[in-house]
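**Q** I have a structure here, written as structure tokens, and I will follow up with some questions on it.
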Amino acid sequence: MNAFYERLDADLFRPGVAAVGPWNPQLLHGGPPIALLAKALHEFGGARPPVEGEVAVDWAISRLSVEFLGPVALAPCRIEVRTLRPGRRIELLEARLSVDGRDALLARAWRVLRESDCAPAVPDAFEPPSLPPAQEPRHFVGVGPFPYAEALEWRFVRGGFDTLGPATLWARPRIPLLLGEPCSGLERLLIMLDSANGVSAELPLREWTFVPIDLQLSLYREPAGDWIGMDARSVIDPGGVGCAHTTVFDATGACGRSLHTLFVRRR
């Protein structure tokens, strides 16, 4: 399958091998299922292009929080979405991704109605780096290639999979999120964003585990273009708790910020 997922029904999806992460061939990387949740949240309740006679309503996900309740298996998953707080301009939604009846991911999203020229622009001072030329594939030390990493094209400005410390990079998926369906800027961002703690690792992956237990994204605009960037760094406390914080950007500048809370232990 030349996509991360295939739609089987309105709320039922089958993952492809491209979504598999580095540690177990039966478990998915967090990026594709998070992106799938975001797609469901964005489309819930008619957030879609208008048909003839309708007025366009531009709902944007301005904040997304995801809790990792357990691993996501390489098996069909179901997504259920509900409204927690309805509103004409701001609303709060919740979505659950389950596999075989077990919840694996829980997400909440604030959707905001975007209106043209309703506020003065205050730009972010972040300056996006230039997109580097094509690079040879690089891998985490002691881990090697795995399907998810190979399903994206990565170009590092600093750092790398084989280098500890902060990382600045551009990336783009080689395949769509859903077979036969267009991939939005938000979906492309989320496919890659759950790798922020890995690319900015401060400890060797073979010796330490630093598992993200959540993802928080605040986004003031959706990234544009095929290539999306991350400027990521991680901090770790001796008590075994860490944080990966990331600026996300496109060719015109920063789009928002994300945080991962990390559980850190020696393997």
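The values are calculated or read from the model by the stated rules, or taken from the named source; none is laboratory data. In this text the structure is predicted, and so the values were computed from the model without any measurement. Virtual Cβ from ideal backbone geometry, glycine too; neighbours counted across all protein chains shown.
**Q** Can you confirm whether region 223-230 contains a residue that is over 25 Å from Leu12 (Cβ atoms), assigned to a loop (DSSP other than H, G, I, E, B), of a type outside the set (A, V, I, L, M) and in contact with a helix residue (DSSP H, G or I) (Cβ under 6 Å, 6 or more places away or on another chain)?
**A** yes
**Q** Quick one: how many residues across region 21-39 are part of a strand (DSSP E or B) and either among the basic types (Lys, Arg) or surrounded by fewer than 23 Cβ atoms within 10 Å (Cβ to Cβ) (or both)? Let's see the steps before the verdict.
**A** Restricting attention to region 21-39, the residues satisfying the condition of being part of a strand (DSSP E or B) are 27-28.
Now restrict to residues that are either among the basic types (Lys, Arg) or surrounded by fewer than 23 Cβ atoms within 10 Å (Cβ to Cβ) (or both): 27.
Of the residues in region 21-39, 1 are part of a strand (DSSP E or B) and either among the basic types (Lys, Arg) or surrounded by fewer than 23 Cβ atoms within 10 Å (Cβ to Cβ) (or both).
**Q** If you check Ala104, Ala95, which single one turns out to be closer than 18 Å to Leu217 by Cβ and either small (Gly, Ala, Ser) or modelled with pLDDT under 95 (or both)?
**A** Details: Ala104 fails: closer than 18 Å to Leu217 by Cβ.
After applying the criteria, what remains is Ala95.
**Q** Is it the case that region 45-67 has a residue that's under 23 Å from Asp194 (Cα atoms), at pLDDT below 95 and within 18 Å of the chain's Cα centre (by Cα)? Steps first, please.
**A** Looking only at region 45-67, we keep the residues that are under 23 Å from Asp194 (Cα atoms), and these are 60-67.
When the remaining residues are screened for being at pLDDT below 95, the result is 60.
Those still in the list that are within 18 Å of the chain's Cα centre (by Cα) too: 60.
The answer is yes, given that some residue of region 45-67 is under 23 Å from Asp194 (Cα atoms), at pLDDT below 95 and within 18 Å of the chain's Cα centre (by Cα).
**Q** Let me ask something else about it. Looking for whichever is assigned to a strand (DSSP E or B), more than 12 Å from the chain's Cα centre (by Cα) and among the basic types (Lys, Arg) here; the options are Arg265, Arg206. Which one fits? Steps first, answer last, please.
**A** Values: Arg206 fails: assigned to a strand (DSSP E or B).
That would be Arg265, the only listed residue that is assigned to a strand (DSSP E or B), more than 12 Å from the chain's Cα centre (by Cα) and among the basic types (Lys, Arg).
**Q** Of a type outside the set (Asp, Glu), over 30 Å from Ala251 (Cβ atoms), under 19 Å from the mean Cα position of the chain (by Cα) and surrounded by 13 or more Cβ atoms within 10 Å (Cβ to Cβ): is that true of Leu93 in this structure?
**A** Details: of a type outside the set (Asp, Glu): yes; over 30 Å from Ala251 (Cβ atoms): no; under 19 Å from the mean Cα position of the chain (by Cα): yes; surrounded by 13 or more Cβ atoms within 10 Å (Cβ to Cβ): yes.
No.
**Q** Assess whether Val241 counts as being without any contact (Cβ under 8 Å) to a residue 60 or more places away in the chain and either within 27 Å of Ala119 (Cα to Cα) or within 14 Å of the chain's Cα centre (by Cα) (or both). Please lay out each step first, then the result.
**A** Values: without any contact (Cβ under 8 Å) to a residue 60 or more places away in the chain: yes; either within 27 Å of Ala119 (Cα to Cα) or within 14 Å of the chain's Cα centre (by Cα) (or both): no.
Criteria not met by Val241.
**Q** A further question on this structure: Filter region 17-41 down to residues that are touching a strand residue (DSSP E or B) at 6+ places or on another chain (Cβ under 7 Å) and without any contact (Cβ under 8 Å) to a residue 60 or more places away in the chain, then give me how many there are.
**A** The number of residues fulfilling the criteria is 3.
**Q** While we're on this one: Test Arg188 against the stated conditions and say whether it is among the basic types (Lys, Arg) and either crowded, with 17+ Cβ neighbours inside 10 Å or over 26 Å from Gly253 (Cα atoms) (or both).
**A** Working: among the basic types (Lys, Arg): yes; either crowded, with 17+ Cβ neighbours inside 10 Å or over 26 Å from Gly253 (Cα atoms) (or both): yes.
Here the answer is yes, as Arg188 does meet what is asked.
**Q** Provide a single number: the residues in region 121-176 that are farther than 19 Å from Pro22 by Cα, among the aromatic types (Phe, Trp, Tyr) and not in a loop (DSSP other than H, G, I, E, B).
**A** Looking only at that region, the number is 2.
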